[in-house]
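I have placed the structure first, in the form of structure tokens, so that the comments after it can refer back to it.
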Amino acid sequence: MVMASATHKILVVDDDPAIRNLIYRFLSQNYQMESAEDGKTARAVFDQFNPNLVILDVNLPDANGYQLCKELQSRTDVLVLLLTSRADENDKIHGFSQGADDYITKPFSLQELGVRVGALLKRHRPLKVAEQQRLIFDKLVIDPVRREVNLSDQPVPLTALEFNLLHFLASHPGRVWRRAELIKEVWASDYIGDPRVVDVHIGQIRKKIEIDSTQPELIQTVRGVGYKFEVPGKPELNGKAER
């Protein structure tokens, strides 16, 4: 299992007590843990515990896991790992489109779960000084300290992963990134999930910041290679043109 700081907090939500308790005991070796058996309890525990990561079963007795994922991420920048017994590709794509950071299919090994959890929590790291400066591209403003994006002075609601991906691309305007490179830089080097997750999240970001998401101007597809962030001129740092 990937070792990590015990200050990281994880909430596991699953109505199956055997799975819930197994995950709880395994991860409690390295993390602070809380658990819930349904959506109602999960919401109450979430507000009090303020976890860094939620391991969330898709099928709960009183809640839709996809909607609960979206709801929790609207409150904080929490990471979400979805659990499901369905291996259908459309289910995975739907989960990613609702803001999920990763997706694991039952049955799974505890070792695999540990690796995925460790990779996800690596995203929560202090910003370097150079990474703290706002990026301003005309009407689009990306503030990495507040983790806020504004377009035409209106806030843009992004999930934690969408923000990380947009900020990374915008920090390297004009640079073309392959999917594998983006996964290494944004998801973490030991991410073992579906590489098409990049396409899903790019699509979600485009819907929120592009005038026409079918003909994107900011995040462009480089056919056969990957993606790049492209804008006229150079970005500004804290309101001053970069030189």
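The values are calculated or read from the model by the stated rules, or taken from the named source; none is laboratory data. It should be emphasised that the depicted structure is a prediction, and the values quoted were computed from it without experimental measurement. Protein only, heavy atoms only, side chains kept; ligands, DNA and RNA dropped before computing areas. Shrake-Rupley method; radii C 1.70, N 1.55, O 1.52, S 1.80 Å.
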*asked:* Show me the three semi-axes of the equivalent ellipsoid for segment 14-140, from the C-alpha gyration tensor (sqrt of 5 times each eigenvalue), largest first, rounded to whole Å.
replied: 26, 18, 16
*Compute, for HIS8, the solvent-accessible surface of its heavy atoms (probe 1.4 Å) with the complete set of protein chains present, and express it in square angstrom to the nearest 10.*
30 Å²
*Over 22 Å between C-alpha atoms is what I'm after, so list which of LYS139/LYS208; LYS70/LYS208; LYS92/LYS139; LYS122/LYS184; LYS139/LYS207 land there.*
LYS92/LYS139
*With a 1.4 Å probe and every protein chain kept in, tell me what percent of the accessible surface of segment 74-117 is carbon plus sulfur.*
50 percent
_Check which residues have an amide H placed less than 5 Å from VAL12's amide H, if you skip close sequence neighbours._
GLU34, SER35, ALA36, ILE55
*Which number comes out as Rg/Rh for segment 37-78 once both Rg and the Kirkwood Rh are worked out on C-alpha atoms?*
0.91
*Contact order normalised by residue count of segment 32-188, Cα under 8 Å, 6+ apart, percent*: 16 percent
*In whole angstrom, and with the biggest value first, how far do the Cα coordinates of segment 1-77 range along each principal axis?*
32, 28, 19
